[in-house]
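Scroll down for the structure; my scribbles are underneath it.
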Amino acid sequence: MRKIAEALLDIEAVKLSPAAPFTWASGIKSPIYCDNRLTISYTAIRKEIANGIADLIRQNYPSAEVIAGTATAGIPHAAWVADILELPLIYVRSKPKDHGKGKQTEGVLRENQKVVLIDDLLSTGGSVLKAATALENENAVVLGVVGIFSYELRDLQENFAKRNLTFHTLTNFSELIEAAQQKSSFTQAEVDSMFEWKKSPKNWK
């Protein structure tokens, strides 16, 4: 959705800086930095996101019985979406608790229930796929993943294909760059450079 891409740029949830790249925790240099947690502070945008994700679930996973959010960024969006769809809500921790019952999933999840996972950002898919594994270990049926934004990295496609899972996002890297070109004075060389990054982040200079 172009409208979501423009909104992310407007509130600076996504920043683009090909001339002065950001450094990710992994050490990778990147022309883009995404912090979709900012969206929860903007009423109109978070409603647009929640309605958009709910629509994606209706279209692609109509048999969903439970909405799951990944801790922590996916939880608020999952809550709003679960409310719209009138479905139960659960959330998945990044790892099991080290006390009590050692649970990784919070909320009521029954055996063989069909679950859709919600995350705010999909990069390589590593964290959300771990959450999917945690749900499957509790005998849930994970239908797929829905997010706000995807970098469209090759690793994401490959990692989901290996798990035989699908994903959908409201907007993505390509759509965001197109929106940014209308709002900013990026040169064609800078735009080309950003798309080169998407093809091979580890080798980008």
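The values are calculated or read from the model by the stated rules, or taken from the named source; none is laboratory data. Please read these numbers as outputs of a predicted model, since none were measured by experiment. Note: ideal-geometry Cβ built from the backbone for every residue, glycine included; neighbour counts use all protein chains shown. Remember, those area values only see protein heavy atoms, side chains included, never the ligands or the DNA or RNA. Shrake-Rupley method; radii C 1.70, N 1.55, O 1.52, S 1.80 Å.
Results, tabulated for the structure shown:
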| item | result |
| --- | --- |
| C-alpha long axis of helix 154-163 to longest principal axis of the chain, angle in ° | 20 degrees |
| The stretch 131-205 and the stretch 58-99: distance between their alpha carbon centers, rounded to Å | 20 Å |
| Largest to smallest accessible area among Arg163, Arg154, Arg58 [probe 1.4 Å] | Arg154, Arg58, Arg163 |
| Rounded percent of accessible protein surface that carbon and sulfur make up, the stretch 55-205, 1.4 Å probe | 45 percent |
| Computed magnitude of the charge dipole of the stretch 151-205 (debye, nearest 20; Cβ of K, R +1, Cβ of D, E -1) | 260 debye |
| Accessible area per residue, Å², the chain with all protein chains present, probe 1.4 Å | 51 Å² |
| Virtual paramagnetic centre 7 Å along Cα→Cβ of Thr133, amide N under 17 Å, in the stretch 156-177 | 156-166 |
| Probe 1.4 Å - accessible area at Glu106, Å² to nearest ten | 40 Å² |
| Nearest-10 value in Å² for the accessible area of Lys199, using the 1.4 Å probe | 120 Å² |
| Options (i) 8, 35, 34, 18, 4, 0; (ii) 8, 32, 29, 18, 9, 2, 0, 0; (iii) 10, 41, 39, 10, 0 - which one matches P(r) over Cα pairs in 10 Å bins from 0, in percent as calculated here | (i) |
| Nearest-20 debye value, the stretch 1-132 charge dipole, Cβ charges on Lys, Arg, Asp, Glu | 360 debye |
| 0 to 90° range, to nearest 10: angle between helix 173-183 axis and the chain longest Cα axis | 50 degrees |
| For Trp24, solvent-accessible area (1.4 Å; no DNA, RNA or ligand), Å² | 50 Å² |
